[in-house]
Amino acid sequence: MDSKRKILAYLSRRKAATGGELRAYLGLSRQALSIHIRSLVEAGQVVRSGTTRGARYALASRAPAPAVVSRSLLTRGCDEDRVWEELATRFNLPRVLRPNVEAIVRYAFTEMLNNAIEHSKSDRCTIRFTLGAGEVSFVTRDPGIGAFHSIASMHHLPDEETALVELLKGRTTTMREAHSGEGIFFTSKVADRFVLRSHRIQIEWSRARDDVFVSKQRFLAGTDVRFAVQRSTQRRLEEVFGEFAPEEYDFQFQKTKVLVKLLQRDYVSRSEARRLLANLEKFSEIVLDFRDVKSLGQGFADEVFRVFAGRYPAIAISTENTNPVIDAMIRHVASSASARSR
């Protein structure tokens, strides 16, 4: 029997158990247990309650039924802050949620509902807000123009896949005069699970798996957004903002991280590099995450680490999760650039 099944079997004989009790029963390290527990919580099979030291785990089937509110809203004249206050009052959120969790959920909910109100070009939308024993979640749904189609149309992009890439970089909006384009970027960073689906594209951010997944789905008109965060999380909204809008940038959103694999796994040409770099000149710091990327072509690397870097010397470019093949190519390009400058 694998560890996950043993955890479920153990919890089936108890109302709840601590992490220490599970580690002793399974003979697992704290880190190994954490991996299995996160997976079970994300799958909805186990519920976590309490803070880090006092956390307890129980089968989701034994947890109290979650409190749920579903509403249909007319977007014209709708105020996302007023909707939030109604939910906060109904669920008594200031009392039942820890301050850091309430701040995260309020930010995410109002940002995503505002997107439906102001960007969807739909006259209506729906919300579903759920307060569970271990998790707070919500869904916003509109039958409008569609998030990726809207960005592609406004910015004259060739397709919705390109719009997705631009959205992931941050600071991409269809209403520059009124919006900064930060909402989806930061909401994805504060969530435990965040899913954005529109037309045939779905993107999912998973904290438990520490990854981002893009998939093709059956056609869905409009936009569907799903957000969830654990009630026990220690995460703080200001810490997430501080990472990408730090004091040295006057608390402005000047740092972004791009998960390169979302474009493709192998990069060869300069045109691929230009697609990656499009509109990144608006940032002061760029982190390129190369996880799961196998190799770089000389043309691609040269375009990123010599041409772009030379054109925008004030922008700091750093890398994460590179392999020896990628490191060697970056060093080769860097040494060539250095030799040309002498």
Go through the stretch 188-242 and give me each residue that's charged (D, E, K, R) and closer than 16 Å to residue 112 by Cβ. 189, 192, 193, 197, 204, 224, 226
Filter pass, residue 49 being touching a strand residue (DSSP E or B) at 6+ places or on another chain (Cβ under 7 Å), loosely packed, with under 14 Cβ neighbours inside 10 Å and touching a residue at least 40 places away in the same chain (Cβ under 8 Å): no
When you scan the stretch 222-237, do you find a residue that is modelled with pLDDT of 85 or more and part of a helix (DSSP H, G or I), even just one? yes
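So which residues in the stretch 87-98 are part of a helix (DSSP H, G or I) and either surrounded by 13 or more Cβ atoms within 10 Å (Cβ to Cβ) or among the aromatic types (Phe, Trp, Tyr) (or both), if there are any at all?
Hits for the stretch 87-98 are 87, 88, 91, 93, 96.
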Give the stretch 215-242 a look and list any residue that's over 30 Å from residue 54 (Cβ atoms), surrounded by fewer than 17 Cβ atoms within 10 Å (Cβ to Cβ) and not small (Gly, Ala, Ser), or say none. 216, 217, 218, 219, 220
For the structure I just gave you, tell me whether residue 121 is in the same structural domain as residue 217 (by TED's automatic domain parsing) and either among the β-branched types (Val, Ile, Thr) or buried (at least 16 other Cβ atoms within 10 Å of the Cβ) (or both). no
Residues of the stretch 285-321 being among the β-branched types (Val, Ile, Thr) and in a helix (DSSP H, G or I), in sequence order, are 304, 307
Matching strands (runs of 3 or more DSSP E) fully within the stretch 1-77 where at least 1 residues are in contact with a Lys or Arg (Cβ under 7 Å, 6 or more places away or on another chain), closer than 23 Å to residue 235 by Cβ and not charged (D, E, K, R): 46-49, 56-59
Filter the stretch 20-59 down to the residues that are of a type outside the set (A, V, I, L, M, F, W, C) and touching a helix residue (DSSP H, G or I) at 6+ places or on another chain (Cβ under 6 Å) and list them by number. 23, 25, 36, 44, 45, 48
Kindly provide the set of residues from the stretch 102-129 that are closer than 22 Å to residue 235 by Cα and either modelled with pLDDT under 95 or of a type in the set (D, E, K, R) (or both), ordered by number. 102, 106, 111
Some residue of the stretch 164-184 being among the acidic types (Asp, Glu), closer than 25 Å to residue 277 by Cα, at pLDDT below 95 and in a helix (DSSP H, G or I): yes
Looking at the stretch 254-272, can you tell me whether even one residue there is among the aliphatic types (A, V, I, L, M) and more than 18 Å from the chain's Cα centre (by Cα)? yes
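The values are calculated or read from the model by the stated rules, or taken from the named source; none is laboratory data. What you see is a predicted model, and the numbers here were worked out from it, not measured in a lab. A quick note on method: Cβ atoms are made from the backbone with ideal geometry, for glycine too, and the neighbour counts reach across all protein chains shown.
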